[in-house]
1. Show the residues, 5+ positions off or on another chain, whose built amide H is closer than 5 Å to the amide H of Leu19.
2. Apply the Karplus curve 6.51 cos²θ - 1.76 cosθ + 1.60, θ = phi - 60°, to the phi angles in region 65-77 and return the couplings in whole Hz, x for Gly and Pro.
3. Of [x] -1.04, -1.16, -1.20; [y] -0.90, -1.10, -1.38; [z] -0.78, -1.06, -1.49, which is the value of log10 I(q)/I(0) by the Debye sum over Cα atoms at q = 0.20, 0.23, 0.27 Å⁻¹ derived from the coordinates here?
4. Give me a comma-separated list of calculated 3J(HN,Hα) values for region 8-17, in order, Karplus coefficients 6.51, -1.76, 1.60 applied at θ = phi - 60°, integers in Hz, x for any Gly or Pro.
5. Return the FRET efficiency for the residue pair Asp16, Asp59: r is the Cβ-Cβ distance, R0 is 22 Å, and the value is rounded to the nearest 0.05.
Amino acid sequence: MNLEILTPEQTIYKGDASLVQLPGIDGLFEILNNHAPLISVLSKGKVKIKVDDDFKYFDINGGVVEVKNNKTLVLAE
């Protein structure tokens, strides 16, 4: 899937990912390829993404995520 993680100051990540784990307000949840459309509020925590066989981690202070047409957009604080 295509993934973008944006903050008001910069683009943290832009590219492909096979898994995205996000800190939701009710706990962690994961998004995989071809996930159903979704909009959710995020809390403070770590975003974990899988690119090929490697994992990358980013700290966020909350935000929102939108998933649509195999594209995931994270607007983070």
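Read-outs throughout are calculated quantities, based only on the coordinates presented, and are distinct from any laboratory measurement. In this text, all values refer to a predicted model and were calculated from it rather than measured experimentally. Please note: Cβ atoms are built from the backbone with ideal geometry, for glycine as well, and neighbour counts cover all protein chains shown.
1. Lys50
2. Taking θ as phi minus 60°, the curve returns 10, 10, 10, 7, 6, 6, 10, 10, 10, 10, 9, 10, 9 Hz for region 65-77.
3. [z]
4. My calculation for region 8-17 gives x, 8, 7, 8, 7, 8, 8, x, 8, 8 Hz in order.
5. It comes out at approximately 0.55.
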